[in-house]
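Participant: This is the structure I have questions about; it appears just below.
Readers should treat all values here as calculations from the given coordinates under stated rules, not as data from a laboratory. Please read these numbers as outputs of a predicted model, since none were measured by experiment. Cβ placement follows ideal geometry from the backbone for every residue including glycine, while neighbour counts extend to all protein chains displayed.
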Amino acid sequence: MNAKSLTTPGFSSDFSALWAVVRREWTIFIRYPSWIIALFIWPVIFPMGYILTARALSGVDGSGLTTFQNTTGLTEYVGYIAVGTMIWMWQNIVLWAVGYSLRNEQMRGTLESNWLSPTWRFAYLLGSSIPQLVSMFMLMLVSGLEYAFLFKVNFSGSLWLTLLVILTAIPSVYGLGFAFASVVITAKEANAFVFLVRGIVMIFCGITYPLAILPDWMQAVSKWLPQTYIIHAVRTAALSTEGFSGVAFDLKMLALFGIFWLAVGYALFNMMERRARQTGAIGQY
Amino acid sequence: MSEFAIEATQLVKKFPARPGTGNKQESAPAPKRRQWPFGKREPKAMFTAVNGVDLYIERGEIFGLLGPNGAGKSTTIRMLCTLLEPTSGTARVHGFDIVRQANEVRRSLGTLLAGERSIYWKLTGRENLEYFAALYHIPSAVAKQRVEELIERMELKDRANELVEKYSTGMRQRVAIAKALLARPPILLLDEPTLGLDPQAARRLRELIAELKQEGHTILLTTHYMEEADQLSDRIGIIDTGKVIALGTPEGLKRRIEQKEVIRLEVMGWHDEISDKIKNISGIENLMSRQQGEADLWEVNMQARNSRAALPRIVEHISGNGTRLVNMNIVKPSLEDVFIHLTGKALRD
């Protein structure tokens, strides 16, 4: 054959491939317009039940809030609940969107055609996560504005510190998503795992209540979950004036969890990829 | 560089057999429970999809891998394009080992698998090709030009900016083929490329495959359409139950049963009693019958060493049993007849 192959391997080619995955994922995402509804409606609807429950339990005169203030150091209970539910929603969305990204490709039939190319395979998972992260930032921004204007939440903390906490939390949140994506490819179905993780985060991480009310053994479990530190740190950064010292320990823990979960996610991905080459799982519906 | 574009030696692929799937379990019976708590687990029953395939495909040839569904064609292709690791055996594609040099193999291949499902329906034809061009590490300036060339060649120019979900099956298949050609790979693997296409689209695709051969590509083509394999291939490997059972040029394979003729009948009211009587006629082999549509019209094929001697007895059996002979032909053997001769069953069974 006379014509020369057009393939030119190298770092910049790998980066271009990663960027192509990001663009592909973003393009497909915005072609399903229902995300706009989710962007505005869910931040309001999801915490509403908890907020109204808290309002009811705090008493007509709000006397129950004193206990809340003594336990948490905060007066802003609506913001407290909103932050907790937002972090829970973030982890939940990552488990579904990132956790099922490869499985969705598999069901569509496009996973094999991606796998046939010489591109680094982890790039598909990484590339699928980036648009998802962008949409999460949009969700958080819209949520913040809705809480501030609709629920009159007083975000007395620091926006930049809050942003720093979220950025530090990204590796652990997405590392768990990568681990899920790898398991789902071979298990084909992981709804039960997603519900389990969501349930654990909901109960043990204090999304709508302070950890102090939990029994000792549950508080011990919560220390092993990165979401506990994310929720605590975002509340401190966004709702209080404690500043960096209030979140320093949480940031350290999140950095460690991030390294751990990214490593686990990457290791599981490689194991899945090797196993799939032996079993033919990539092409199976 | 080796004279062969693809060399496969004793390729074997086994999968764990799943109960109730109809896969033949060739090893021990179903696994027993492990003896609690440390007892040895019985080995899993395995299903052999590819059972020692040897392939040596020369540069610039079209090699057809012909066989019925479940013969092992797609599994063989998937091993060669690095989606599957062989259980044993070795293969080299464009000189690169499929296990140890998988990335180099992928750079050398353009592969068509699962046709229209291998592209994104929520992207346009152009967006699909630009995306895959990046995955194949084609520099963006070159990719833009290459994508336009292929859009033009595949006659997609008018619809290139529409979402693939609005395309016909034939158009989607053309996008999938364009995807396989993006990086100008020396070797193409085409798995059932005309499956699901209407006759006109299938014909155009076969013409394109012939053009690609003229341009110097080596093509490994799998199909269960014997006319397609016959028309396109320089050489054919007939595969059944995971083994290549015959290998040669189309004419060479047909010459294997040249001494036999194929008698083709169309009969109304065919039934087993007539079939049994005709099978007992000396020189008659491999009788196959297939009902045509809903009417009681049957196509009956058989191979005969001496059709002149056999025909009167055949007509006698048909006439005397309440059936009616509608049509009769004596034809040259086709590849399907070769397959029937080798395996005792039809390609479409």
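Participant: Rounded to the nearest 500, what is chain A's calculated 222 nm mean residue ellipticity when only DSSP H runs of at least 4 contribute -39500 (n - 2.57) each, over all residues? Provide the component values of the computation, followed by the final result.
Facilitator: Numbers: 12 runs with 216 residues, N = 285.
Helix contribution divided over all residues of chain A: -25500 deg cm²/dmol.
Participant: Show which lysines lie in cross-link reach of B:LYS13 when reach means a straight Cα distance below 19 angstrom and same-chain residues fewer than eight apart are skipped.
Facilitator: Qualifying lysines at Cα under 19 Å: B:LYS24, B:LYS44, B:LYS73, B:LYS243.
Participant: Still on this structure: Assuming R0 = 25 Å, can you tell me the calculated FRET efficiency for the pair B:ARG324 and B:GLU227, based on Cβ-Cβ distance, to the nearest 0.05?
Facilitator: On the way: r = 29 Å, r/R0 = 1.16.
Plugging the Cβ-Cβ distance into 1/(1 + (r/R0)^6) gives 0.30.
Participant: Using only Cα atoms, tell me the angle between helix B:307-319 and the longest principal axis of chain B; keep it within 0 to 90° and round to the nearest 10.
Facilitator: 70
Participant: In whole Hz, with x marking every Gly and Pro, tabulate ³J(HN,Hα) for region B:143-154 from phi via Karplus 6.51 cos²θ - 1.76 cosθ + 1.60, θ = phi - 60°.
Facilitator: 4, 4, 5, 5, 4, 5, 4, 6, 4, 5, 5, 8
Participant: State, as an integer percentage, the relative contact order of region B:63-148 based on alpha-carbon contacts under 8 Å between residues 6 or more apart.
Facilitator: 15
Participant: Are there DSSP H segments in chain A that both extend 15 Å or more along their axis (alpha-carbon positions) and score a mean Kyte-Doolittle hydropathy of at least 1.0? List them, or say none. Numbers along the way, then the final one.
Facilitator: Numbers: long enough: A:11-30 (29 Å, 0.61); A:34-57 (35 Å, 1.60); A:77-97 (29 Å, 1.12); A:122-149 (41 Å, 1.36); A:159-187 (41 Å, 1.99); A:191-204 (19 Å, 2.08); A:226-239 (19 Å, 0.49); A:244-279 (51 Å, 0.68).
TM-like helix candidates: A:34-57, A:77-97, A:122-149, A:159-187, A:191-204.
Participant: How big is the C-alpha Rg of chain B next to the rule-of-thumb value 2.2 N^0.38 Å, as a ratio? Write down the numbers at each step before the final one.
Facilitator: Details: Rg = 23.9 Å, N = 349, 2.2 N^0.38 = 20.4 Å.
Here the answer is 1.18, to two decimals.
Participant: Let's see if you can work this out: charge +1 on each Lys and Arg Cβ, -1 on each Asp and Glu Cβ, no other charges. What is the dipole magnitude of the protein assembly as shown about its Cα centre, in debye to the nearest 20?
Facilitator: Working: 68 positive and 58 negative charges, 215 e Å.
So the magnitude is around 1040 debye.
Participant: Given a Förster distance of 56 angstrom, what is the FRET efficiency for A:PHE149 paired with A:THR8, based on the Cβ-Cβ distance and rounded to 0.05? Write down the numbers at each step before the final one.
Facilitator: Details: r = 52 Å, r/R0 = 0.92.
So the FRET efficiency works out to roughly 0.60.
Participant: Note the direction-averaged projected area, equal to a quarter of the hull surface, for the Cα convex hull of the protein assembly as shown, in nm². Write out the running numbers ahead of the final one.
Facilitator: Working: hull surface 151.2 nm².
Mean projected area of the Cα convex hull: 37.8 nm².
Participant: Put a dot 7 Å past each Cα toward the Cβ at B:ARG290 and A:LYS223; how far apart are the dots in nm?
Facilitator: Taking the two extended label points, one gets 7.3 nm.
Participant: Another question, if that's okay. Can you give the relative contact order of chain B as a percent, counting alpha carbon pairs under 8 Å and 6+ residues apart?
Facilitator: Working: 661 pairs, mean separation 63.0, N = 349.
In percent, rounded to a whole number, it is 18.
Participant: Still on this structure, please answer the following. When the scattering of region A:35-279 is computed by the Debye formula from its Cα atoms alone, each counted once and equally, what is log10 I(q)/I(0) at q = 0.09, 0.16 Å⁻¹?
Facilitator: Computed log10 I(q)/I(0) values: -0.42, -1.17.
Participant: Taking springs between alpha-carbon atoms closer than 10 angstrom, which of B:ALA295, B:ALA309, B:ALA143 fluctuates most in the Gaussian network model of chain B?
Facilitator: The residue with the greatest mean-square fluctuation here is B:ALA295.
Participant: Rounding to the nearest 10 and keeping the result within 0 to 90°, find how far the Cα-based axis of helix B:199-214 lies from the longest principal axis of chain B.
Facilitator: 60
Participant: Any idea what the relative contact order of chain A is, in percent, if you count C-alpha pairs under 8 Å spaced at least 6 apart?
Facilitator: Working: 319 pairs, mean separation 77.6, N = 285.
That works out to 27 percent.
Participant: Once the piece of chain linking A:THR279 and A:ALA56 is laid out straight, how much longer is it, given 0.36 nm per residue of separation minus the C-alpha distance between them? Let's see the in-between values first.
Facilitator: Values: separation 223, 0.36 × 223 = 80.28 nm, distance 5.53 nm.
Taking A:THR279 through A:ALA56 to full extension adds about 74.7 nm, to one decimal.
Participant: Specify the residue with the greatest mean-square fluctuation among B:ASP191, B:ASP240, B:ASP296, computed from a Gaussian network of chain B linking alpha-carbon atoms under 10 Å apart.
Facilitator: Among B:ASP191, B:ASP240, B:ASP296, the largest GNM mean-square fluctuation belongs to B:ASP296.
Participant: Further question: Report the antiparallel proportion of the DSSP beta bridges in the protein assembly as shown as a percent, rounded to a multiple of 5. Numbers along the way, then the final one.
Facilitator: Details: 45 of 63 bridges.
DSSP beta bridges in the protein assembly as shown are roughly 70 percent antiparallel.
Participant: If each of B:VAL315 and B:THR169 carries a label point 7 Å out from its Cα toward its Cβ, how far apart are those two points in nm?
Facilitator: 4.2
Participant: Less than 28 Å apart at the alpha-carbon level, and either on another chain or at least 8 residues along: which lysines does that give for B:LYS279?
Facilitator: Output for B:LYS279: B:LYS254, B:LYS260, B:LYS332, B:LYS345.
Participant: Under a 10 Å cutoff between Cα atoms, tell me which one of B:GLN292, B:GLN214, B:GLN101 has the largest fluctuation in the Gaussian network model of chain B.
Facilitator: Between B:GLN292, B:GLN214, B:GLN101, it is B:GLN292 that shows the largest mean-square fluctuation.
Participant: Just how large is the dipole of region B:4-254 about the Cα centre, in debye to the nearest 20, putting +1 at every Lys and Arg Cβ and -1 at every Asp and Glu Cβ?
Facilitator: Values: 37 positive and 31 negative charges, 281 e Å.
So the dipole magnitude of region B:4-254 works out to roughly 1340 debye.
Participant: Something else about it: Starting from the 7 Å offset along Cα-to-Cβ, what nm value, one decimal, do you get for the label separation of A:THR27 and B:ARG204?
Facilitator: Rounded to a tenth, the inter-label distance reads 2.3 nm.
Participant: Right, next: Within region A:40-70, whose backbone N sits under 16 Å from a point 7 Å along Cα→Cβ of A:ALA212?
Facilitator: Answer for region A:40-70: A:64-70.
Participant: Let me ask another. Which of the lysines could a cross-linker span from B:LYS166 if the Cα-Cα distance has to be under 24 Å and same-chain partners fewer than 8 positions apart are dropped?
Facilitator: Output for B:LYS166: B:LYS122, B:LYS144, B:LYS157, B:LYS179.
Participant: I've got another one for you. Report for chain B the percent antiparallel among DSSP-assigned beta bridges with both residues inside it, nearest 5. Write down the numbers at each step before the final one.
Facilitator: Numbers: 45 of 63 bridges.
Expressed as a percentage, antiparallel bridges in chain B total about 70.
Participant: Here's a follow-up. For a label point 7 angstrom out from the Cα of B:VAL331 toward its Cβ, which stretches of region B:239-265 have the backbone nitrogen within less than 19 Å?
Facilitator: Of the residues in region B:239-265, B:250-265 have backbone N under 19 Å from the label point off B:VAL331.
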